[in-house]
Amino acid sequence: MRALIIGVGQCGTKIADLFSLVDFEALAINTSRGDLDYLRYIPAERRILIGESITGGKGVNANPILGREAMKRDLPMVMKKINSVVGYEDVDIFFLTFGFGGGTGAGGTPVLAEALKGEYPDSLVVAIGALPLKEEGIRPTINAAITIDKLSKIADSIIAIDNNKLKEGNDDISKAYERINYTIVERIASLLALVDIPGEQTLDASDLKFVLKAFGSFATVGYAKADAGKIKSLSRLIIKSFESEGLYLEANIESALYGLVAIHGPPEVMKANEIFEALDYLTGKIRGKQIFRGFYPDPKEREVEVVTLLSGIYESRSIEDIVRTGKVYAQSFMRAKEEAEKAKRKLLSGLPDFDDVYPAETELYNGPFPDVEVGGRRRNDE
């Protein structure tokens with residue numbers, strides 16, 4: 001299958017850059033020339049600067065309105081570049097990577113997603129977005145809540161990553177972000193690498209597309225890996241993959257409609273009874289009761305890798321907290337804004353215009369200011 005990664009904004013282009021490192025087709029789109037220059041693996045000809053007439057190439061300062069306008073103005077250029085990369089071979093899935101709380105990503109990604117849905121109706125558009133830290137303040141939260149709403153009406157699935165997981169380790173800030181970005185790429189890349197590959201039971205592109213075509217709901221990817229010689233229970237390892245934090249998102253997996261499980265490892269460890277025990281458990285646990293399976297015995301492997309995709313998720317504490325906070329603040333702000341407008345109108349009501357105060361026939365120096373000095377003498381002296 002063919003997937004094209006498109007990073008939008010600072011956060012999104014960094015993730016796309018790592019996908020390029022592991023040989024995925026990737027493009028980077030940003031309003032900041034400096035951020036584009038910072039990338040290491042995406043070739044220069046696949047880095048697209050948008051909104052230069054608005055920002056001068058210096059970014060939008062977390063303003064999604066400017067991000068949206070930048071994408072709209074340069075959308076023909078962006079789509080032309082994407083078309084040249086796509087060529088005559090179909091793309092199964094466009095993965096759009098971005099930050100929910102920023103400006104270019106939050107504002108521009110919905111615009112691009114809608115354009116891709118129109119231009120490539122047979123391809124899926126899946127958004128992979130990083131949720132803001134709570135400490136970043138209310139503005140990124142508002143940006144995230146509104147962007148979630150917009151993308152839920154356009155994208156086939158939204159894979160959200162909760163950056164609040166950054167605080168769980170002792171890494172410095174750069175390493176913490178890098179760790180999450182690598183985790184995203186590792187799990188998505190591992191899943192895609194097993195699609196359309198011969199196995200005992202094979203997952204094909206249509207299986208993955210079916211699971212990800214989930215009506216704008218949320219999806220999460222679980223992952224587990226262990227040395228084959230140290231595995232006491234394969235069933236437990238499989239269950240661990242979808243009961244873990246997934247892509248750093250607090251979600252109720254029981255609300256999922258669809259699931260997909262891929263297992264790759266040495267044949268002697270892949271016991272049928274343990275595999276089906278775990279899959280029966282997962283099938284019974286999720287609401288939709290639909291699980292697609294792929295089994296890939298590989299005598300060259302010494303580790304067992306399990307990748308799990310769950311989609312159609314409508315219950316997520318990470319998402320609910322952001323939307324609820326954004327909604328409460330937005331309603332409070334709109335009330336405060338309306339009250340301020342009322343107070344201003346009340347304060348200024350009854351004031352006349354200048355034309356009412358100063359008669360139209362009044363000539364220069366003959367106005368109602370008799371004490372003003374003109375030419376060294378007072379008007380009253382005339």
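Worth pointing out:
- Scanning residues 5 or more positions from residue 60 or on other chains, those with amide H under 5 Å from its amide H are 104, with H placed 1.01 Å from N in the peptide plane.
- Database remark: amide H of residue 29 closer than 5 angstrom to the amide H of 7, 8, 9, 48 (H placed geometrically; neighbours at sequence offset of 5 or more, or on other chains; Pro and chain starts carry no H).
- Extension gain, residue 53 back to residue 167 (0.36 nm per residue minus Cα-Cα distance, nm): 37.3 nm
- Here region 17-58 is assigned +1 on the Cβ of each Lys and Arg and -1 on the Cβ of each Asp and Glu. Its dipole about the Cα centre then comes out at about 160 debye.
- Peptide ranges 322-328, 351-357, 234-240 listed from the most packed, as the mean C-beta count within 10 angstrom indicates: 234-240, 322-328, 351-357
- FRET E, pair residue 179, residue 317, Förster distance 22 Å, beta-carbon r, rounded to 0.05: 0.55
- Using the average count of surrounding beta-carbon atoms within 10 Å as a protection proxy, the listed peptides 179-188, 22-31, 35-44 rank, highest first, as 22-31, 179-188, 35-44.
- The magnitude of the dipole of the chain, with charges of +1 and -1 set on the Cβ of Lys/Arg and Asp/Glu and taken from the Cα centre, is near 560 debye.
- 15 Å beta-carbon shell around residue 65, net charge (K/R +1, D/E -1): +4
- The fraction of accessible area contributed by carbon and sulfur in the chain is 51 percent, rounded to a whole number (1.4 Å probe; ligands and nucleic acids excluded).
- Percentage relative contact order, region 247-316, counting C-alpha pairs under 8 Å, at least six apart: 57
- Phi-derived couplings, Karplus 6.51 cos²θ - 1.76 cosθ + 1.60 at θ = phi - 60°, listed residue by residue for region 9-19: x, 4, 4, x, 6, 5, 5, 4, 4, 5, 4 Hz, with x used for Gly and Pro.
- Listed residues 39, 210, 257: farthest to the positive end of the dipole of the chain (Cβ charges): 257
- Taking the Kirkwood radius as Rh and the Cα radius of gyration as Rg, the chain has a ratio of Rg/Rh equal to 1.20.
- For region 51-162, diffusion coefficient by Stokes-Einstein and Kirkwood Rh (Cα), 37 °C, 0.692 mPa s, µm²/s: 229
- Region 60-155: GluC sites (Glu not before Pro) in DSSP loop, at most 10 other beta carbons within 10 Å: 89
- Anisotropy class of region 10-59 from Cα gyration tensor, a/c 1.5 cut: prolate
- The angle between the Cα long axis of helix 234-243 and the longest principal axis of the Cα atoms of the chain comes to about 10 degrees, rounded to the nearest 10.
- Span from the region 104-149 Cα centroid across to the region 73-93 one, whole angstrom: 19
The values are calculated or read from the model by the stated rules, or taken from the named source; none is laboratory data. For clarity, every value in this text was computed on a predicted model and none was experimentally measured. Every residue, glycine among them, receives a Cβ derived from its backbone with ideal geometry; neighbour counts consider all protein chains shown. These accessible areas exclude ligands, DNA and RNA; they are computed on the full protein's heavy atoms, side chains included. Shrake-Rupley method; radii C 1.70, N 1.55, O 1.52, S 1.80 Å.
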